[in-house]
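What follows is one structure encoded as C-alpha cells, with my remarks underneath.
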Amino acid sequence: MKMKINVIRTGLCVLMVMAAMCTANGQDMRSLVREFAQLRADMRILQEDQKVLLDRITGLAQENVAKDAQIAELQKMLTMQETRIQGIEKDLIMRLEQLRKALESEQVSRRKDLESAVGSMAAEISKLDKVATNASAVANAASAAAARRQQPPPPPAYSGSYKEIEVKRGDTLSMIAQAVGVPISTLRQINNLKSDTIFVGQKLKIPVVQK
C-alpha cells in the first residue's frame, strides 16, 4: 500500500514537471489537469483503503489481545482444575488406604471369630462323639440282652425210654407235642412221620423226659 502511494506521489511530481514543460512548450493544459485530477482521486481511494486496512489491523490486534486474555483465563481455569483433581486424587488415595486397613482389621476379627467358632464346634462334636459312643454301647448291651432273651430254651434231655399213647378223635400232632412237652419235630422223627397227619387209633411213641 505504501509503495502504491509513493508511486502516485512520484507520478504527481512527474505530472507537475510535465505541466511545467508543457507550459513552456505551449501545449494544451486540459489533458494534464484531467490526469492530475485522476491521480488525486486514485490517491484518495488508496488513502481510504489504507485507513480501512489500518482499522482492520487494529481490530485484529484487539481480537488477539482478547484471545490472549481468554487463553490466559482458560489456562488459569485449567490450573485450578488440575489442583482440584490432585486434591481429589489425594483424598481418594487416603480413603482407599483407610478402607484397606478397615478391611484387614475386619478380616482379622472374622478369622478370630471363625477360629473360636471352629473350636467350639470341635468341642461340641467331641461331646457328641462321646454321647454317641455311650449310646452305641448301651444299644449293643440292649441288643445282646434281647438276643439272650430271645434264644430258645435248650432241648429237654430224654431218658432213652418211651411211652405209647393212642390217638383219639380231635387230637393233632401239635396238640400232643404241646401236651407232653416234646417238640413236634422230635415226634415226627421218633414215629417216622413224613407229615403232621395222624389218625384216630394210631399208636405214637412218646419219649420220656429225664428229670
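Bear in mind these aren't lab numbers, they're just calculated from the coordinates by the rules spelled out. If you're wondering where the values come from, they're calculated on a predicted model, not measured in any experiment.
Structure above, values below:
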quantity	calculated
Karplus (6.51, -1.76, 1.60) ³J(HN,Hα), θ = phi - 60°, over region 123-134, in Hz, Gly and Pro reported as x	5, 5, 5, 4, 4, 5, 4, 5, 4, 5, 5, 4
Cα pair distances exceeding 20 angstrom across region 61-130, given as percent	66
19 Å Cα-Cα reach of Lys112 towards aspartates and glutamates, excluding residues that sit fewer than 8 places from it in its own chain	Glu104, Glu124
Karplus-derived HN-Hα couplings along region 175-185 (A = 6.51, B = -1.76, C = 1.60, θ = phi - 60°), whole Hz, x at Gly and Pro	5, 5, 5, 5, 5, 8, x, 10, x, 5, 5
Cα pair count fraction exceeding 18 Å, expressed as % - region 158-209	18
